[in-house]
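Asker: Pasting a structure here, questions to come.
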Amino acid sequence: MTRYVLTLEDSAAFEPWREMARGALQRAIPPEAIDWRIRGGETDLFGQLAPVGDGLEALTAIPVVKTVTLRASCIALLRDMLCHSDPARFALAYRIAWRVQGNPHLLEVATDADIAKARIMVRQNREDCHKMASFVRFREEPGQHDEGQHGGRRHFLAWFEPEHHILERIAPFFARRFTDMDWMILTPRGSIRWDGKELVCGTEPCERPELDDGFGELWNTYYASTFNPARVRTKAMRREMPGRYWKNLPETRLIPQLVSGAEARVRKMAEQDLRPAPAFHERLRAREQLPVQPLPDLPETLEGLAVQIRNCTACPLHCPATQAVVGEGPATARIMVVGEQPGDQEDLAGRPFVGPAGQLLHGALEEAGVDRTALYLTNAVKHFRFRLQGRRRIHQAPDGGHVVACRPWLEQEIALVRPKLIVSLGATALKALDGPGLAMADVRGTSWTVGAGENAVQRLALAHPSWLLRLEEGPRRDIERQHFVEGLFRLRSFLDPREE
Ligand code: URA
């Protein structure tokens with residue numbers, strides 16, 4: 001049997017492998033005939049077998065004998081596993097791709113050795129991403145505070161040692177999390193760089209930089225003050241923060257001292273009087289006791305209205321929420337977009353549509369060619385409604401009472417902005433604007449006119465972006481998203497009055 005050597009970079013993930021694998025599959029070259037190698041890596045078992053074909057060029061001399069398709073689920077599995085660092089990953093991936101040609105249900109066979117191994121690699125990659133997300137510690141680069149070109153952005157540097165080639169996968173997480181600073185993460189497997197606009201992943205191995213320890217002190221003070229001596233579980237700590245990460249984490253130098261002093265601190269805590277309730281509970285109780293204020297005279301400016309909305313106690317939602325989220329956009333906007341209520345991230349940021357649903361909305365507006373800065377964005381309900389699940393705040397749809405309590409704010413926003421078009425996103429906004437008579441399923445994607453003459457306002461009902469996010473990934477979600485973009489396309493004629 002002719003053997004082929006296919007060589008890839010160690011950092012290579014899915015795409016370079018895919019190109020070679022496709023070529024080999026189309027020529028029906030069985031897995032045993034391919035020696036997958038890593039450039040610069042150790043010569044493997046077949047080294048002495050003097051391969052006849054070397055590289056993709058050798059393959060292309062052979063005629064293609066079939067077309068090859070891989071299902072999306074298979075591509076997803078291979079993509080997720082191929083950033084593992086095991087040198088055998090390329091051969092394993094090819095074996096799976098080869099075997100699914102004859103057995104389309106192979107991926108469902110959990111006991112199959114190849115599939116089981118691939119799934120373990122996927123899990124290990126995911127764990128590595130999780131560790132990187134938790135254990136990267138940025139240090140500010142002194143003297144790099146740039147006033148000019150980058151609008152005063154600060155520059156940060158971090159060093160991390162991932163086990164696998166996960167940088168491309170984890171990079172978007174860091175870009176989302178640390179959007180408003182410039183940073184670079186260096187690793188022995190490459191680097192990631194973010195300058196507020198562009199996210200660049202490099203595969204060139206980096207050397208550990210000299211990191212000044214000044215920042216570590218601040219972090220250590222924080223860590224020591226949040227360390228709970230009554231809950232010291234060293235085994236669990238080791239499991240969560242394995243030893244190999246310790247050398248790059250400033251706080252780990254404190255742990256031996258904190259752990260050894262834990263018992264004495266717990267004893268001292270037990271001897272003390274009961275401490276007052278934590279601040280959060282105090283705040284909640286104080287808020288619950290606030291009297292419900294009668295609706296004040298509604299102000300004639302959006303700024304005045306925002307002040308009143310932020311002080312609103314008209315329904316119980318104001319108690320656990322961080323803050324009310326008021327509308328945002330030009331006071332003379334021709335289009336108002338009304339969502340349901342702020343989500344977790346909006347509640348923390350105090351701005352509408354900055355979380356995942358907002359990102360979907362902004363992406364769809366861009367696709368539809370609509371300038372979002374020209375829109376006034378607001379919500380039917382101004383406080384975040386949620387239930388707690390452990391520490392997570394899970395969104396709960398507002399009920400009719402919350403919508404009614406907030407309606408005066410929404411009505412005043414409409415009266416002040418006087419939009420020509422009001423777009424409702426989802427069923428709550430529809431109900432808040434048009435009452436309970438209209439069903440979302442009947443009007444989604446349609447528009448109609450409310451009022452007449454000078455006061456005529458066009459209404460457009462669209463799905464809520466969170467609903468799109470909840471749909472399972474696949475053709476249905478793609479189609480619904482496309483309808484959403486098409487719906488937003490109609491906004492364009494309202495932005496340019498010449499097209500009306
Ligand atoms: N969903 C909404 O309806 N509004 C927001 O502001 C965010 C998410």
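The values are calculated or read from the model by the stated rules, or taken from the named source; none is laboratory data. Since this is a predicted model, take the numbers as computed values, not measurements. So basically every Cβ, Gly included, is an ideal-geometry build from the backbone, and we count neighbours across all protein chains shown. Just the protein is used for accessible areas: all its heavy atoms, side chains included, with ligands, DNA and RNA removed. Shrake-Rupley method; radii C 1.70, N 1.55, O 1.52, S 1.80 Å.
Asker: Of the heavy-atom accessible surface of region 57-200 (probe 1.4 angstrom), what whole percent is carbon and sulfur?
Answerer: 52 percent
Asker: Related question: Explain nothing, just compute: Karplus ³J(HN,Hα) = 6.51 cos²θ - 1.76 cosθ + 1.60, θ = phi - 60°, for every residue of region 347-361 in order, whole Hz, x for Gly and Pro.
Answerer: Couplings: 4, 6, 7, x, 9, x, 6, 10, x, x, 5, x, 5, 4, 4 Hz.
Asker: Separate question: Between helix 167-177 and the chain, what is the angle of the helix's C-alpha long axis to the longest principal axis, kept within 0 to 90° and rounded to the nearest 10?
Answerer: Around 20 degrees separate the two axes.
Asker: So for the chain, averaging the separation of alpha carbon pairs under 8 Å that are six or more residues apart and normalising by length, what relative contact order in percent results?
Answerer: With pairs under 8 Å counted, the relative contact order is 8 percent.
Asker: Hey, got the dipole for the chain? About the Cα centre, +1 on K and R Cβ, -1 on D and E Cβ, debye to the nearest 20?
Answerer: 1600 debye
Asker: Let me ask another. List the chymotrypsin sites (Phe, Trp or Tyr not before Pro) in region 356-409 that DSSP assigns to loop (not H, G, I, E or B) and whose Cβ has at most 14 other Cβ atoms within 10 Å. Which are they?
Answerer: Of the chymotrypsin sites (Phe, Trp or Tyr not before Pro), not one in the loops of region 356-409 has a Cβ with at most 14 other Cβ atoms within 10 Å.
Asker: Pairwise over distinct Cα atoms, reciprocal of the mean inverse distance: report the Kirkwood radius of the chain in Å, one decimal place.
Answerer: It works out to 27.7 Å.
Asker: Tell me whether region 3-131 comes out rounded, prolate or oblate; compute the Cα gyration tensor, take square roots of the eigenvalues as a ≥ b ≥ c, and use a/c under 1.5 as the rounded threshold.
Answerer: Here region 3-131 falls in the oblate category.
Asker: Restricting to DSSP H runs of at least four residues, report the calculated mean residue ellipticity at 222 nm for the chain, -39500 (n - 2.57) per run over all residues, nearest 500 deg cm²/dmol.
Answerer: Value at 222 nm, helices only, nearest 500: -12000 deg cm²/dmol.
Asker: Another question, then. On a 32 Å Cα-Cα criterion, which of the cross-link pairs LYS235/LYS268; LYS131/LYS197; LYS197/LYS431; LYS117/LYS247 come out too long?
Answerer: Flagged as over cut-off: LYS197/LYS431.
Asker: Something else about it: For region 420-426, what does the Karplus curve 6.51 cos²θ - 1.76 cosθ + 1.60, with θ = phi - 60°, yield as ³J(HN,Hα) per residue in whole Hz, taken in order and with x for Gly and Pro?
Answerer: 8, 9, 10, 9, 9, 10, x
Asker: Quick one: Kirkwood hydrodynamic radius for region 422-481, alpha-carbon pairs, angstrom, one decimal?
Answerer: 12.5 Å
Asker: Which whole-number value in Å² is the accessible area per residue of region 285-341, probe 1.4 Å?
Answerer: 53 Å²
Asker: Sticking with this structure for a sec: What is the distance, in nm, between label points placed 7 Å from the Cα along the Cα-to-Cβ direction at LEU298 and at ARG387?
Answerer: Output for this residue pair reads 3.3 nm.
Asker: Roughly how many Å² of GLU282 are accessible to a 1.4 Å probe, to the nearest 10?
Answerer: 90 Å²
Asker: May I pose another question? How big is the C-alpha Rg of region 315-470 next to the rule-of-thumb value 2.2 N^0.38 Å, as a ratio?
Answerer: Against the compact-globule rule of thumb, the ratio is 0.99.
Asker: On C-alpha positions alone, give me the angle between the axis of helix 89-102 and the longest principal axis of the chain, in degrees, nearest 10.
Answerer: Orientation of helix 89-102: about 80 degrees from the principal axis.
Asker: Can you pull the one-decimal nm distance between simple spin-label points at GLU198 and ALA415, each 7 Å off the Cα toward Cβ?
Answerer: Simple spin-label model gives 5.1 nm for this pair.
Asker: Quick check: the angle from helix 113-135's long axis to the longest principal axis of the chain, C-alpha only, nearest 10 degrees?
Answerer: 50 degrees
Asker: Taking the mean number of other Cβ atoms within 10 Å as a proxy for protection, how do you rank 325-337, 444-456, 153-165 from highest to lowest?
Answerer: 325-337, 153-165, 444-456
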